[in-house]
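Structure record follows, encoded as structure tokens.
The values are calculated or read from the model by the stated rules, or taken from the named source; none is laboratory data. All values derive from a computational prediction rather than experimental measurement. Because the Cβ atoms are built from the backbone with ideal geometry, glycine has one as well, and the counts that use them run over all protein chains shown. Just the protein is used for accessible areas: all its heavy atoms, side chains included, with ligands, DNA and RNA removed. Shrake-Rupley method; radii C 1.70, N 1.55, O 1.52, S 1.80 Å.
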Amino acid sequence: MDELAEALAAVERRVARACAAAGRPRAGVVVVAVSKTWPASDVVALAGLGVRDFGENRDAEAAAKVEAVRAGGVSGVRWHMVGRVQTGKARSVARYADVVHSLDRDRLAVALGAGARSAGRTVSVLVQVSLDGDPARGGAQPGDVPGLADLAATTEGLRLAGVMAVAPLDSDPTEAFARLAGVSHRMCADHPEAVVVSAGMSADLEQAVAAGATHLRVGTALFGRRPPLLR
Ligand SMILES: *Cc1c(COP(=O)(O)O)cnc(C)c1O
């Protein structure tokens, strides 16, 4: 608990400093605590310290953790699915996710929408943009983003909220986040409500804030290092 509190304070200092440097209000940036591989008890502890947004990347782990956190008496938490979602898992994800950051194809939009409607929920979605053209790392190609955004915006059960990206390995995150900002601006021209920009992780959150990110996905800097095979 002390370690989590200390790590949270350190992340908060980094975010506050980055916002000040960028001339942005701190209130314009949400830290999503990426709790994948860590137990529900850590989520309950961070929630006790005021964190309200948690991120997961695998459906089975997330579904169980959401239940466990609820059973632990915590309410008012928002769950973010930040990992790739298989179409067959969309129905399950739509039952608990408040925001899916990884919408990358039409079929997933259709499946998430159907799942959300059958659960009587509305799920916010971000179109994940590929910034390096590597299909293995997920994300829609920039040219496919407008069509996917239009589909999400017109699918009942979904709310198009913005864009997400993971900075390419071994390249300058500032340049990558600038390209994401360009994609975001074009999306906002068609969909003015889609203002979310999910970018930045433990290693590059300062660059993401400078480039206009509204959501940072922070795992390691809060929880410590994950076992290598469970990433
Ligand atoms: C694990 C993960 C994060 C958190 O990464 P850290 O480097 O641990 O902060 C962010 N985004 C996605 C998509 C992830 O899978």
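The figures follow:
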{"item": "Flag if residue 167 is open to solvent by 10 Å² or more (accessible area, probe 1.4 Å), in contact with an Asp or Glu (Cβ under 6 Å, 6 or more places away or on another chain) and within 14 Å of the ligand (Cβ to nearest atom)", "result": "yes"}
{"item": "Leading residue by the ranking (most open to solvent (accessible area, probe 1.4 Å)) among those in segment 183-220 that are more than 16 Å from the chain's Cα centre (by Cα), touching a residue at least 12 places away in the same chain (Cβ under 8 Å) and over 21 Å from residue 141 (Cβ atoms)", "result": "193"}
{"item": "Selection within segment 86-108 - touching a strand residue (DSSP E or B) at 6+ places or on another chain (Cβ under 6 Å) and open to solvent by less than 10 Å² (accessible area, probe 1.4 Å)", "result": "93, 94, 97, 100, 101, 102, 103"}
{"item": "Criterion: more than 16 Å from the ligand (Cβ to nearest atom) and either within 28 Å of residue 11 (Cα to Cα) or touching a strand residue (DSSP E or B) at 6+ places or on another chain (Cβ under 6 Å) (or both) - qualifying residue of 159, 217, 226, 186", "result": "159"}
{"item": "Test for residue 175: is it under 17 Å from residue 28 (Cα atoms) and either surrounded by fewer than 18 Cβ atoms within 10 Å (Cβ to Cβ) or without any contact (Cβ under 8 Å) to a residue 12 or more places away in the chain (or both)", "result": "no"}
{"item": "First in segment 85-106 and under 21 Å from residue 215 (Cβ atoms) and modelled with pLDDT of 95 or more, second anywhere and basic (Lys, Arg) and assigned to a loop (DSSP other than H, G, I, E, B), Cβ under 7 Å, 6 or more apart", "result": "94/121; 102/84"}
